[in-house]
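Working notes for the structure below.
The values are calculated or read from the model by the stated rules, or taken from the named source; none is laboratory data. Being a predicted model, the structure only gives us computed values, none of them experimental. Heads up, the Cβs are rebuilt from the backbone with ideal geometry, glycines too, and the neighbour counts pull from every protein chain shown.
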Amino acid sequence: MEVIIRPNTEVATELASQLIAEKISQKPFLCLGLATGRTMEKVYNKLVNLHKSGALDFSLVRTYNLDEYIGLSPDDPNSYRHYMNEHLFNKINIDLRNTHLPMGMADNLEDECHLYEESIKNNGGIDLQLLGIGRSGHIGFNEPLSALQSRTRDKALTPVTVAQNSPMFDPPESMPKRAITMGVGTILEADQIIMLVTGKEKAGILAKAIEGPISSMISATALQLHPKCTIIIDEDAAADLQCCDYYKWIFDNEPKWEPYR
Ligand code: GLP
């Protein structure tokens, strides 16, 4: 695991976006794992701008999102399908048939989860997975007690997550309390992971995720098991890290420093 602390949200977001863009340039048919949330909106905005400037071609890229709310149709403005179309897919030259999210309206959720796993496998697996972190410490919607080997399945959301995400629903009480999410085991199978975390409200849970013991109570701690995981954060999110100076020293002084490119 490598931790890169940047002075502010803008610089941290820029670095994450650059790394994703580089990967797509190196492998135009990249299989990209995508996340949602406010943090990612800024990343997608930067990727859209790179595309518009002619620097980034998505025509062959394939994507798999981490999760989707159960009970929301793809055109529901609060669905993650709608979020992805609005923030990224409709603004770039990606083939929508190459974009995948679990179907929150599926009649048989178990089958849907199984098919999602099969589809990832049949596409050769995820090359690069982008992640944020929820205040409960979740990656995707892997809430506390998610098995570290869990696969795509439906999951009940914690009150912490409902409090975090319900302000985006009108009325807030209409937020679904369940979601389909890739499992922790599914996420760990990606070849490479980039997690982006910004803001002081994430500092406490982020320190536990990076420096705390591995535990299914905080699914992000499972990233400590991944051999190629880069965590990009801003100064605010880094506030509670014990080894902050060490991580900064590596980034500033290690002559051979290079993220996993
Ligand atoms: C949701 C998603 C997570 C994401 C989190 C962070 O809960 N399921 O994948 O990491 O939001 O959201 P934000 O960036 O808004 O803090």
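Pick out the one residue from 228, 202 that is at pLDDT 95 or above, crowded, with 18+ Cβ neighbours inside 10 Å, of a type in the set (Lys, Arg) and more than 13 Å from the chain's Cα centre (by Cα).
On inspection, the qualifying residue turns out to be 202.
Residues in the stretch 226-235 that are in contact (Cβ under 8 Å) with a residue 40 or more places away in the chain and outside any strand (DSSP E or B): 2 in all.
Within the group 177, 155, which residue is surrounded by fewer than 17 Cβ atoms within 10 Å (Cβ to Cβ), under 29 Å from residue 207 (Cβ atoms), in contact with a strand residue (DSSP E or B) (Cβ under 9 Å, 6 or more places away or on another chain) and not hydrophobic (A, V, I, L, M, F, W, C)?
Answer to the check: 177.
For the stretch 1-40, the candidate set comprises residues that are under 12 Å from the mean Cα position of the chain (by Cα) and polar (S, T, N, Q); within that set, the residue that is farthest from residue 68 (Cα to Cα) is 39.
Looking at 36, 63 in this structure, which one is within 16 Å of the ligand (Cβ to nearest atom), outside any helix (DSSP H, G or I), free of Cβ contacts under 8 Å to residues at least 40 places away in the same chain and closer than 24 Å to residue 183 by Cβ? Only one candidate qualifies: 63. For the stretch 144-161, check the following and say yes or no: at least one residue is more than 11 Å from the ligand (Cβ to nearest atom) and in a helix (DSSP H, G or I). For the stretch 144-161, residues more than 11 Å from the ligand (Cβ to nearest atom) and in a helix (DSSP H, G or I): present. Scanning the stretch 69-128 for residues that are among the polar types (S, T, N, Q), touching a residue at least 60 places away in the same chain (Cβ under 8 Å) and under 20 Å from residue 169 (Cα atoms) yields a single hit, 78.
Note on the stretch 104-142: among residues that are in a loop (DSSP other than H, G, I, E, B), surrounded by fewer than 22 Cβ atoms within 10 Å (Cβ to Cβ) and not small (Gly, Ala, Ser), the one that is nearest to the ligand (Cβ to nearest atom) is 135.
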